[in-house]
Amino acid sequence: MVEVADDGSITTKGDANAVVDSSAVDQGRITGVGTVLVPRAALPVLWWRTGEWLAFVIFGAVTRGEPMPAPIINVEALPDDAEDEA
């Protein structure tokens, strides 16, 4: 969709076209289906089917809210000015 005129007609342009379509279309003649694409949403299914169990288990732990091991920080080994940030 390129433009909606005051009378409600819509000017369109196809993905493969370099220029807009030559005639406008009435709003009532346009039907469409909206889709939502969620990148990587099917990865757990892929991991299950291919037997990538480590990735599947980590995904399950993260999405269930399981606590992940926290990194161990040795405060004594940090420089003096870094202790304020930690």
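Ranked by how many other Cβ atoms sit within 10 Å of their own Cβ, fewest first, the residues Leu54, Leu46 fall in the order Leu54, Leu46.
Among Asp21, Asp15, the order by Cβ neighbours within 10 angstrom, fewest to most, reads Asp15, Asp21.
Take the Cα of Asp7, step 7 Å toward its Cβ, do the same at Leu54, and the gap between the two points is 6.6 nm. In the range 1-68, Cα pairs under 8 Å separated by at least six residues give a relative contact order of 16 percent. Please work out whether the range 1-58 counts as rounded, prolate or oblate from its C-alpha gyration tensor, where a ≥ b ≥ c are the square roots of the eigenvalues and a/c under 1.5 means rounded, while otherwise a/b larger than b/c means prolate and anything else oblate? Prolate.
Counting beta carbons within 10 Å around each of Trp47, Trp53 and listing the fewest first gives the order Trp53, Trp47.
Since every read-out is calculated from the coordinates, none of them should be taken as a lab result. Bear in mind that the values here come from a model prediction, so they are computed numbers and not experimental data. Every residue, glycine among them, receives a Cβ derived from its backbone with ideal geometry; neighbour counts consider all protein chains shown.
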